[in-house]
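Each value in this text was obtained by applying a stated rule to the coordinates, not by laboratory testing. Because the structure is predicted, anything quoted here is derived from the model rather than measured. As a convention, Cβ positions derive from the backbone with ideal geometry for all residues, glycine included, and neighbour counts pool all protein chains shown.
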Amino acid sequence: MELHVFHTLVALHIITGSTGAIAFWVPVIGRKGSVNHKRWGKVFTICMLATGSFAVCMSLLTIFDPMGTHPHLEGMFEAPFIRGIFGWLMLHMGILTINLAWYGWLCVQNRRDHAKNLTPLNVALQFILIVAAVNSAVQGWVIGQFLMIGLTVVGLATAGTNLRFLYKPVRGEKDWLDEHIKALVGAGISVYTAFFAFGSVRVFPELALHPGLWSIPLVTGISLILYHQRKVAVQFRARRGVASYAG
């Protein structure tokens, strides 16, 4: 019964993750603020929230019964390894995905009323992510999987920068947009990381923890974030220049 539940979660995780991975590129590549940008951005956000939730459920089942949920890995990996990578690390990544999707969505919805970003849920998600990241690092240290420790930097940096924006005394006019870009592209990074890394265990298990495989979506995502944030900065400077000239 437990294995059937786990397989159902995996199937739902793949469906929502695949849909989100495709929808991700419409707002990233398309014209910002357009109907398609908003429509597919919403689809992407919903898919990421669902994907992250399924990942959390899968990770909890794995922590409870690592070999029972991953019988196909028996003989290749030991229970502590499976519990660490597919349990504690996936729990961290699932919470990270939920955090980024929800935070990024609120940033754009509340761009004119920052106080609405300070909901108990949004703030709590930052501290939940910190706890999950620290725990993943500890578990990685215990089983000697130092990649787990390295990846917790992403969770800690996310929660730290999110809290900085949420409680920033004075915010610039485009800060909400920078945070929106960072968060939702970050959520895209997490779903592609899952496909590249966790998915590779079934095809190329010897490459599953290779740093190069994990770095592909990370480097791509960071490049997209920096590119779009710079583009936004140029556009805002141009608007101020036009306003100043007109004045």
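Computed over neighbours whose Cβ is under 15 Å from that of ARG111, the net charge equals +3, Lys and Arg +1, Asp and Glu -1. Per-residue extension of 0.36 nm, minus the Cα-Cα distance of PHE127 and PHE64, leaves a gain of 20.3 nm for this segment.
Of the trypsin sites (Lys or Arg not before Pro) in region 22-128, the ones in a loop by DSSP (not H, G, I, E or B) with at most 12 other beta carbons within 10 Å are ARG31, ARG112.
Model label sites at THR220 and HIS72, defined 7 Å from Cα along the beta-carbon direction, differ in position by 2.2 nm. Where the alpha-carbon atoms of region 2-236 are placed on the principal axes, they occupy 57, 33, 31 Å, in descending order. For region 41-105, taking the reciprocal of the average inverse distance between every pair of different Cα atoms yields a Kirkwood hydrodynamic radius of 12.2 Å. Given their separation in residues at 0.36 nm each and the Cα-Cα distance between them, LYS231 and VAL153 gain 25.4 nm when the chain is fully extended. Hey, with R₀ at 30 Å, roughly what FRET efficiency would LYS38 and HIS7 work out to, going by the Cβ-Cβ distance, to 0.05? Result of the calculation: an efficiency of 0.30. Potential lengthening of the chain between ILE143 and HIS114 amounts to 6.2 nm, from the contour at 0.36 nm per residue minus the alpha-carbon distance.
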